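Student: This is the structure I want to talk about, given as structure tokens.
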Amino acid sequence: MTTTATPTTVPTTATDGLRAATAALVADGRGVLAADESPSTMSQRLKAVGVPPTEEHRRAYRELLVTAEALATDVSGVILCDETVRQRLADGRAFPVAIAEAGLATGIKVDTGTEPLDGADDGETITRGLDGLAERVAEYAVLGARFAKWRAVLHLGAGRPSSRALEANAEALARYARTCQDGGLVPIVEPELLAAGGHRLEVCAAATARTLATLARALEAHGVDPAAMVLKPNMVTAGEGSRAPAGPGEVARATVDVLRATMPTDLAGVAFLSGGQSSETAAANLAAIRRRGGPWPLTFSFGRALVSPALHAWRGDPTRVGDGRAALLREIERVTS
Ligand code: 13P
């Protein structure tokens with residue numbers, strides 16, 4: 001892996017404006033809609049519902065999402081991928097312009113995906129995207145982006161996540177976050193421990209604690225301002241294949257305990273990923289997490305849990321755009337009520 005960012009212990013020069021933009025992303029119970037699947041992932045999702053995976057279908061689907069009526073009531077920002085941030089709505093407006101006019105902030109996924117860590121074949125990965133990142137951040141800011149996202153992917157089970165994987169991904173996340181803050185974008189920092197496996201909740205709790213503790217050290221070492229970033233972690237759950245799935249109360253207790261033990265109190269906020277949970281489960285767990293509370297705003301930055309029903313309702317049919325929007329708004333309502 002080559003990088004262009006320089007490690008530094010000098011605190012970031014994150015401005016009051018950047019801190020205010022960060023606070024706005026997680027204020028008043030609003031959360032972030034993740035619609036940043038790469039063209040290849042989005043194409044697979046389109047194919048799965050029988051829609052030809054063309055650039056125009058990817059564009060039309062994202063237009064459906066960002067033009068849902070009163071989206072800004074419960075959503076503060078929408079994360080796009082590089083393809084979408086350069087596209088236009090049917091009425092000619094660039095996506096970031098339309099999103100701003102709807103009262104939301106545009107986010108941009110700036111990582112470029114994963115590759116095997118040190119060529120290992122045990123499934124562990126490092127997320128790429130530091131090359132030329134400062135220049136890309138500057139360009140995205142000009143295009144209208146106000147925040148960014150970078151996702152590290154960590155596996156659980158059989159010696160994983162290894163210390164190597166934790167350290168390497170924490171280092172990349174911290175360099176990314178610092179580069180964004182220096183370039184005027186709010187970083188969403190996403191260390192995702194995958195839910196695959198049959199493990200118990202306690203195993204996920206221990207691995208999430210190691211992940212977040214490693215990350216917190218790297219963020220501090222790189223002078224990242226916690227008040228100008230949003231953490232996007234997995235919830236602490238039992239594995240997808242566990243015979244003892246945990247209920248919302250247990251998930252909330254374990255999740256908040258791990259966050260309190262590892263994260264600085266001046267962190268701007270926490271916006272959870274849905275990680276393949278159904279929207280019902282993700283919503284119930286988030287509600288319990290919010291009831292338990294923390295020193296930071298606790299909200300959502302869901303992808304699949306919010307957008308899958310919209311995709312199924314639309315299925316590429318222009319006469320069903322309204323059904324797609326209604327499905328999205330129903331899921332958002334479920335998560336925020
Ligand atoms: P999910 O909510 O589908 O896990 O996606 C969130 C996300 O942004 C993944 O990077």
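The values are calculated or read from the model by the stated rules, or taken from the named source; none is laboratory data. Given the structure is predicted, the values throughout are model-derived calculations rather than measurements. Counting neighbours? That spans all protein chains shown, and the Cβs are built from the backbone with ideal geometry, glycine included. The area values use the complete protein model at the heavy-atom level, side chains included, leaving out ligands, DNA and RNA. Shrake-Rupley method; radii C 1.70, N 1.55, O 1.52, S 1.80 Å.
Student: If the label point is 7 Å along Cα→Cβ of residue 287, which residues in segment 219-246 have backbone nitrogen under 20 Å from it?
Tutor: Counting backbone N atoms under 20 Å from the label point, the list is 235-238, 245-246.
Student: Taking the Cα centre as origin and putting +1 on Lys and Arg beta-carbons and -1 on Asp and Glu beta-carbons, what dipole magnitude results for segment 38-143, to the nearest 20 debye?
Tutor: About 500 debye.
Student: Per the 1.4 Å probe, what fraction of the accessible area of the chain, in percent, lies on carbon and sulfur atoms?
Tutor: 52 percent
Student: For residue 41 and residue 317 in one chain, what is 0.36 nm times their gap in residues minus the Cα-Cα distance, to one decimal in nm?
Tutor: Taking 0.36 nm per residue and subtracting the Cα distance, the gain is 97.4 nm.
Student: Mean Kyte-Doolittle of at least -1.0 and a Cα length of 27 Å or more along the axis: which whole DSSP H helices of the chain meet both?
Tutor: 163-183, 201-221
Student: I would also like to ask the following. For segment 137-188 and segment 15-55, write down the distance between their C-alpha centroids in whole Å.
Tutor: Spelled out, the Cα-based centre of one part sits 15 Å from the other.
Student: Another one. What is the magnitude of the charge dipole of segment 197-337 about its Cα centre, with +1 placed on the Cβ of each Lys and Arg, -1 on the Cβ of each Asp and Glu, and no other charges, expressed in debye to the nearest 20?
Tutor: 200 debye
Student: Which longest uninterrupted range of the chain lacks any GluC sites (Glu not before Pro) assigned by DSSP to a loop state (not H, G, I, E or B) and surrounded by at most 15 other Cβ atoms within 10 Å?
Tutor: 70-239
Student: Please report, in debye to the nearest 20, how large the charge dipole of segment 124-217 is about its Cα centre when each Lys and Arg carries +1 at its beta carbon and each Asp and Glu carries -1 there.
Tutor: Roughly 160 debye for segment 124-217.
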